Amino acid sequence: MAPADEEGTHLYLTGSPQEELELRFVEDDDDTGDPQQVFLECDWQQPGELLGVIEPQLQIPLSMDFSVVAYVMRQSEVAAESRIISSDGWMLAAGAKVRFATGGAMEQRSEEPPEDAPDAPPVESPGGSEIVGLTSIDDGQWHHVAVVFKAETAMAQLFVDGQWEGEEMVEVADIESSGPVVLGQDEGETPHSKDFKVFWKALSPSQIYGLMTDSKD
């Protein structure tokens, strides 16, 4: 254990994608008698609502484990899905449901079917792959959404309001790009995302639920 300090008991995650993570625990030295608690600290965050924000210093490649958490609001009358966050050959987007896509499947989609084929399924984009959540989020309310990516298995997991929405192995072999993280939609669009958090590790379902509920357990 590291020496106690005035901040209480915390779990600190330090480092970067190029550095090995260091876990440091700090003991709670108060005498209240309450059980010791550990708080999960994110490695990068952007609080509040935002629009078209680009953070050149932050990259989240598919060559590493990561977890991204944000709040999203969607209105049912919005026809096209909107980007939540994208970087290095992948994108998390929100239409009627949350979608995580890689490669060619990153192209944003319209929720409206073609006029000449209203019942036709959406056309698949060439290359890449995707996973789509189960829960409809186009109700005008803020929803807690998260994607967890495990680089060794190329497995992506989706969560909505703290609940597991499914997982799937995604295609990453054809991805060679390296670009900055882009948050939210382009200028002129209505802000619909807020309170981003990034972790350089694959969080567990219980940790995702704890972030959504602000649990200290």
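The values are calculated or read from the model by the stated rules, or taken from the named source; none is laboratory data. What you see is a predicted model; the values in this text were computed from it and never measured. Every residue, glycine among them, receives a Cβ derived from its backbone with ideal geometry; neighbour counts consider all protein chains shown.
With respect to Leu50, is the statement that it is within 17 Å of the chain's Cα centre (by Cα), at pLDDT below 80 and within 25 Å of Thr135 (Cβ to Cβ) true? For Leu50, the condition - within 17 Å of the chain's Cα centre (by Cα), at pLDDT below 80 and within 25 Å of Thr135 (Cβ to Cβ) - is met. Counting the residues of region 62-82 that are of a type outside the set (Asp, Glu), in contact with a strand residue (DSSP E or B) (Cβ under 9 Å, 6 or more places away or on another chain) and modelled with pLDDT of 85 or more gives 12.
If I ask for residues that are modelled with pLDDT of 80 or more, over 26 Å from Cys42 (Cβ atoms) and either touching a Pro at 6+ places or on another chain (Cβ under 8 Å) or crowded, with 22+ Cβ neighbours inside 10 Å (or both), which ones from region 96-116 would you list?
Passing the criteria: Gly103, Gly104.
Of all residues in region 135-173, none satisfies the criterion of being under 27 Å from Pro47 (Cα atoms), out of contact with any strand residue (DSSP E or B) (no Cβ under 9 Å at 6 or more places or on another chain) and aliphatic (A, V, I, L, M). Applying a threshold of 6 Å to beta carbon distances and a minimum spacing of six or more residues, or different chains, the list of pairs starting in region 85-101 at a residue that is assigned by TED's automatic domain parsing to the domain that holds Ser63 and ending at one that is of a type in the set (Gly, Ala, Ser) and assigned to a strand (DSSP E or B) reads Met91/Ala101; Ala94/Ser82; Arg99/Ala93; Phe100/Ala156.
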